[in-house]
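**Q** Following this message is one structure expressed as structure tokens.
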Amino acid sequence: MIAEIIATGEEIRTGALADTNSAYIAAQLEENGIQVVRLHGLGDDLGRLVEVFREVGERADVCVVTGGLGPTVDDLSAEAAAAAAGLRLILEPRALAALEEFFRRRSRPLNPSNRKQAYLPAGAEMLPNPVGTAPGFALTIGRCRFFFLPGVPHEMRRMLSAEVLPRIAAAAGGRRDYRLVRTLSCFGMTESRVGDRLEGISAAVPGVRLGLRAHFPVIQVKLYAAGRPEDKVRGILDQAAAWARQALGSVVFSENEATLAEVVGRRLSETGQSLALAESCTGGLLGHLLTEIPGSSAWFRGGIVAYANEAKTALLGISPQTIERFGAVHEETACGMAEGARRVFAATWGLSTTGIAGPSGGSAEKPVGTVCIGLCGPGVGPQAYRFRLDYDRRSRNKTVFAFKALDLLRRVLSGMPLEEG
């Protein structure tokens, strides 16, 4: 079975709003064995909607449409679907009852504009929306089964899972392929170098397709395989993942889409250890990445953002003579920061960052992009490492500094080499 996806709305057509719905739907359909061959973004134009619905109806097996089910005059999906199928709109009793119940529970009157949402193409199958006002519906246009869902992401996702995917699976029956994906997340290697390392994977593991996705500063390696039975497809992905790990080495930090911070946190939790931070150039970004993880309080003790030199001496106990002699951006200062954080928070590990994120402040000896990362823990240090990681913009430099610090700790905790060859 092949599928197409249509996202409607002027904000989608003009680029004023990013179309995250189509990406989500495509991933869900692919995981459920349905090949997605086209994505469309259409504005609120009745004639164009009717035209595209008819075109898709002649070539696809399944189409999921999002948006255009609201109460305003520019919500045209139901009207366009009816016209494309040669049907009239009728007041659907179940849809009206659901709307009335939705507004009754909120002690609000059902106004005429919302009542419009209960008009569906004659013969359409209503799809209940338990978390919003707009009911969805399913309708056959040409050879294709269309599923119309609201554009509000949380409503769409709920209905896709509960109403659409089960119907598609039932319709696919024995025609369903298993279309599976494995994701390897990497840090510390450019996208082009990752691609070079993986150049021979399709020849080495027949049946696997490779895709690379850059989500700065992480490179995601996507391995795709399709077919049946499911065990065979999973076996292909297992072989491909093993081949990729061998080719890429320790830059691979996750195979389940866990973030780098989650990987570090899991390792600390498994070993009963804790972490404290001292941040200068990253300005609290490291702490933010770690505290985004639910349950991080079990292993993250706290952090100090010591931006000024006076804060480094007063809060972390660094000698003023150290800063005067070496400067704020130096291995000696980074060591003192890590040691101070570990002591202040009584943590197993202390991790620090001090650097020059730019765009100004660099020198010939310490150019923009220079960062010193300090580490102190069982059998380690305090010791520090200097890197040059200039990514042109201050925000990107701060991000890569934070990731470099987390990756350094990951490698030490796992007994890995500190740099990938």
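Just so it is clear, none of the values below were taken in a lab; they were calculated from the coordinates. Note that the structure is predicted; figures quoted are calculated from it, not measured. As a convention, Cβ positions derive from the backbone with ideal geometry for all residues, glycine included, and neighbour counts pool all protein chains shown.
**Q** For segment 260-414, I need the span (max minus min coordinate) of the C-alpha atoms along each principal axis, in Å, sorted largest to smallest.
**A** 43, 32, 23
**Q** Further question: Report the extension gain between THR271 and ALA203 in nm, rounded to one decimal, defined as 0.36 nm multiplied by the number of residues separating them, less their alpha carbon distance. Intermediate results must be reported in sequence, preceding the final value.
**A** Working: separation 68, 0.36 × 68 = 24.48 nm, distance 3.98 nm.
That pair, THR271 and ALA203, stretches by 20.5 nm at full extension.
**Q** Read phi for every residue in segment 126-139 and hand back ³J(HN,Hα) as whole Hz from Karplus 6.51 cos²θ - 1.76 cosθ + 1.60, θ = phi - 60°, with x for Gly and Pro.
**A** Using θ = phi - 60°, the values come out as 5, 10, x, 10, x, 10, x, 8, 7, x, x, 7, 10, 7 Hz.
**Q** Still on this model: Taking other Cβ within 10 Å of each residue's Cβ, how do ILE293, ILE373 sort, fewest first?
**A** Values: ILE293 19, ILE373 27.
Sorted ascending by nearby Cβ count, the order is ILE293, ILE373.
**Q** Amide H neighbours of GLY362 under 5 Å, counting only residues 5+ apart in sequence or on other chains, H built in-plane at 1.01 Å?
**A** VAL368
**Q** Which one of VAL380, VAL251, VAL62 has the biggest mean-square fluctuation once the chain is modelled by GNM with Cα springs under 10 Å?
**A** Taking springs between Cα atoms under 10 Å, the residue moving most is VAL380.
**Q** Moving on to the next point. With a 10 Å Cβ neighbour count serving as the proxy for reagent exposure, in which order, fewest first, do TRP299, TRP243 appear?
**A** Numbers: TRP299 23, TRP243 17.
Listed from fewest to most nearby Cβ atoms, that is TRP243, TRP299.
**Q** Okay, moving on. Where Lys and Arg each count +1 and Asp and Glu each count -1, what net charge lies around TYR224 among other residues with Cβ under 13 Å from its Cβ?
**A** Details: positive: ARG179, ARG182, ARG209, ARG213, LYS222, ARG234; negative: GLU30, GLU31, ASP177.
For residues surrounding TYR224, the net value is +3.
**Q** In debye to the nearest 20, how big a dipole does the chain give about its Cα centre with +1 on each Lys and Arg Cβ and -1 on each Asp and Glu Cβ? Intermediate results must be reported in sequence, preceding the final value.
**A** Values: 48 positive and 45 negative charges, 108 e Å.
Dipole about the Cα centre, nearest 20: 520 debye.
**Q** Then there is this: GLU51: net charge of surrounding residues, Cβ under 13 Å, Lys/Arg +1, Asp/Glu -1, itself excluded?
**A** -1
**Q** A further question follows. Find how many whole Å separate the alpha carbon centroid of segment 1-24 from the alpha carbon centroid of segment 293-329.
**A** About 46 Å separates the Cα centre of segment 293-329 from the one of segment 1-24.
**Q** Find the relative contact order for segment 268-421 and round it to a whole percent, using C-alpha pairs within less than 8 Å whose residues are 6+ positions apart. Don't jump to the answer; show the numbers that get you there.
**A** Values: 313 pairs, mean separation 34.1, N = 154.
This gives 22 percent for segment 268-421.
**Q** Right, another one. What percent antiparallel are the DSSP beta bridges of segment 260-414, to the nearest 5?
**A** Working: 13 of 23 bridges.
Here the antiparallel bridges make up roughly 55 percent for segment 260-414.
**Q** Follow-up. Pick out, from GLY379, VAL65, LEU223, the residue whose Cα sits farthest towards the positive end of the charge dipole of the chain, with +1 on the Cβ of Lys and Arg and -1 on the Cβ of Asp and Glu.
**A** Checked the options; the winner is GLY379.
**Q** Sticking to Cα atoms, compute the Rg of the chain to one decimal and its Dmax as the biggest Cα-Cα distance, whole number, in Å.
**A** 27.3, 84
**Q** Then there's this: What does the charge count near ALA306 come to, summing +1 for each Lys or Arg and -1 for each Asp or Glu among other residues with Cβ under 12 Å from its Cβ? Intermediate results must be reported in sequence, preceding the final value.
**A** Numbers: positive: LYS312; negative: GLU279, GLU310.
Around ALA306, the surrounding residues sum to -1.
**Q** Mind jotting down the distance between the C-alpha centroids of segment 27-90 and segment 255-277, whole Å?
**A** Segment 255-277 and segment 27-90 have Cα centres separated by 44 Å.
**Q** Give me the percent of DSSP beta bridges within the chain that run antiparallel, rounded to the nearest 5.
**A** On the way: 43 of 70 bridges.
About 60 percent, rounded to the nearest 5.
**Q** On to the next question. Could you check the spin-label model distance between HIS154 and ALA170? Points 7 Å from the Cα along Cα→Cβ, value in nm.
**A** Going by the 7 Å Cα→Cβ label model, 2.8 nm.
**Q** How much length would be gained if the chain were fully extended between THR291 and ILE90, taking 0.36 nm per residue of separation minus their Cα-Cα distance, in nm to one decimal? Provide the component values of the computation, followed by the final result.
**A** Working: separation 201, 0.36 × 201 = 72.36 nm, distance 5.13 nm.
Full-extension gain reported as 67.2 nm.
**Q** Here's something else I'd like to know. Debye sum, Cα scatterers, segment 318-387, no solvent: what log₁₀ I/I(0) at q = 0.13, 0.17, 0.20 1/Å?
**A** Reported log10 I(q)/I(0), two decimals: -0.36, -0.58, -0.76.
**Q** Now, a different point. With r as the distance between the Cβ atoms of ASP45 and ALA18 and R0 = 22 Å, compute the FRET efficiency 1/(1 + (r/R0)^6) and round to 0.05.
**A** Details: r = 21 Å, r/R0 = 0.94.
Once the sixth-power term is evaluated, E becomes 0.60.
**Q** Give, in nm to one decimal, the length gained when the segment between ASP196 and ASN309 is fully stretched (0.36 nm per residue of separation minus the Cα-Cα distance). Before the final figure, lay out the partial values.
**A** On the way: separation 113, 0.36 × 113 = 40.68 nm, distance 4.35 nm.
In short, 36.3 nm is gained.
**Q** Related question: Identify the GluC sites (Glu not before Pro) of segment 257-316 meeting these criteria: DSSP loop state and at most 12 other C-beta atoms within 10 Å of the C-beta.
**A** Working: sites: GLU257, GLU262, GLU270, GLU279, GLU292, GLU310; in loops: GLU257, GLU292.
Sparse-neighbourhood loop GluC sites (Glu not before Pro): GLU257, GLU292.
**Q** Efficiency by 1/(1 + (r/R0)^6): what FRET value for ARG388 and ALA242, r their Cβ-Cβ distance, R0 = 45 Å, to the nearest 0.05?
**A** On the way: r = 33 Å, r/R0 = 0.74.
Calculated value: 0.85.
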